[in-house]
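Worksheet for the structure shown next.
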Amino acid sequence: MLKDTTSKWLIIYLLFLCVLAVLGYVITPDSSSFANNQHIEISMKSPGYSCYFYSEEQKRSVGFFKTLIYGNNEYHNELAISKYEIIEDSIFLTVIDPLLANNREVLCFPIPNTEKDFLKRFLTKKVFWLGTDHFGRDVLSRLIIGLRISLSVGFISVLISLLIGVSLGALAGYYGKWVDQVIMWFINVIWSLPSLLLIIAISFALGKGFWQMFIAIGLSMWVEVARVVRGQVMSIKQNEYIEAAHALAYSNTRIIIKHILPNIWGPVIVISAANFSTAILVEAGLSFLGLGVAPPIPSLGGMIRESYIGIFFGYPWLSLFPGILIISIVFSFMMIGRVLKRYM
């Protein structure tokens, strides 16, 4: 069992990841939509690689909330520059070009005003802390946006599973008799189906997309919640304060919502923590199989799928970073679930 200090650090780590996911495009080096700004000339660069970019286009200012949600939808024509040199009144730019024998070509421009003015207006230095992929996209930026996708899938899928599972479980446990029999029959039918095949079937029925993935995973995770809620409701409805509520002529809806459900959230929270990690794993697996969110939307499983072959060709970091992130998230939620189980 984890110590309390360890669980606190895991919670802090998950909160840090949540902050990264919420801020998203505001903090990513590549703020383009889906972090899909491509520079083929600097593809497959190792972590820590840096270079200059020359562009004559002026970036338009975009609102904070629009950038936060959608990013900057503009893709600028930028020229990758390995270095620059100023000689007299001209500036020489060494352009990175993989088609040339020496991977570079020298271009000369007159300095418009001063060196400082030129650097501010036309040159931008970028550092690719986690390297670039085979399209020359910033891995760190795609990792943060992929993290947002994964956490969103986990949160919304758990929300859907709670909505369905708590509702059906509470009805079955409270009313019993034929209501319980019908709901339990339906639960057993869904329970007998393999979860992954059920998710794939729902995905094919709804179509491939962003929101479809949320719904497909959520519709496959409610069964366990419903079984636990049913058992808890059947136990709690025998208590004296529930009988007192009946004696006071409270409605069944009020008794379920105000007197029963608040007393069963302990086990439900534990199951939700486990379901959260399961949803992230399932989404990563489906994306790895090509059944997840469609490109160019980044996802952790999709990033592994695009670059896992690089493990054998000298660039393992492309699949290593998203893999470590998935493992750390799942491990954190599972361990926190174990700690919650001890106190609930």
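What follows is calculated from the coordinates using simple rules that are stated; it is not laboratory data. A quick note: this is a predicted structure, and the numbers were derived from the prediction, not measured. Reconstructed Cβ throughout: ideal geometry from the backbone, glycine too, with neighbour counts over all protein chains shown.
Taking the charge dipole of the chain about its Cα centre, with +1 at Lys and Arg Cβ atoms and -1 at Asp and Glu Cβ atoms, the residue from Asn36, His134, Ala226 reaching farthest to the positive side is Ala226.
With both labels modelled 7 Å from their Cα along Cα-to-Cβ, the Ser55 to Met334 distance reads 4.2 nm. Among beta bridges from DSSP that stay inside the chain, the antiparallel ones total about 95%.
Modelled label positions at Phe64 and Asn239, each set 7 Å beyond Cα in the direction of Cβ, lie 4.5 nm from each other. Roughly how big is the stretch 139-343's charge dipole about its Cα centre, with Cβ charges of +1 (Lys, Arg) and -1 (Asp, Glu), in debye to the nearest 20? Value, rounded to 20: 160 debye.
Counting only Cα atoms, I'd like the Rg/Rh figure for the chain, Kirkwood definition for Rh. Before the final figure, lay out the partial values.
Numbers: Rg = 26.5 Å, Rh = 23.5 Å.
Taking Rg over the Kirkwood Rh, I get 1.13.
Relative to the Cα centre, the charge distribution of the chain, modelled as +1 at Lys and Arg Cβ and -1 at Asp and Glu Cβ, gives a dipole magnitude of about 1320 debye. Over the chain, dividing the summed -39,500 (n - 2.57) contributions of all DSSP H runs of at least 4 residues by the number of residues returns a 222 nm mean residue ellipticity of -18500 deg cm²/dmol.
Using r as the Cβ-Cβ distance of Ile324 and Ile200, and R0 as 30 Å, what FRET efficiency do you calculate, to the nearest 0.05? Calculated transfer efficiency: 0.70. Couplings 3J(HN,Hα) of the stretch 237-248, computed from phi: 5, 8, 5, 5, 5, 6, 5, 5, 5, 5, 5, 7 Hz, in residue order, whole Hz [Karplus 6.51 cos²θ - 1.76 cosθ + 1.60, θ = phi - 60°; x for Gly and Pro].
In percent, rounded to a whole number, the relative contact order of the chain is 19, using alpha-carbon pairs under 8 Å and six or more apart. Of the residues Ile264, Gly63, Ser332, the one whose Cα sits farthest toward the positive end of the charge dipole of the chain, with +1 on the Cβ of Lys and Arg and -1 on the Cβ of Asp and Glu, is Ile264.
Rounded to the nearest whole Hz, the Karplus-based 3J(HN,Hα) values (6.51 cos²θ - 1.76 cosθ + 1.60, θ = phi - 60°) of the stretch 301-306 follow the sequence x, x, 5, 5, 4, 6, with x at glycine and proline. Spin-label model, Ile11/Thr253: points 7 Å from Cα along the beta carbon direction are separated by 3.5 nm.
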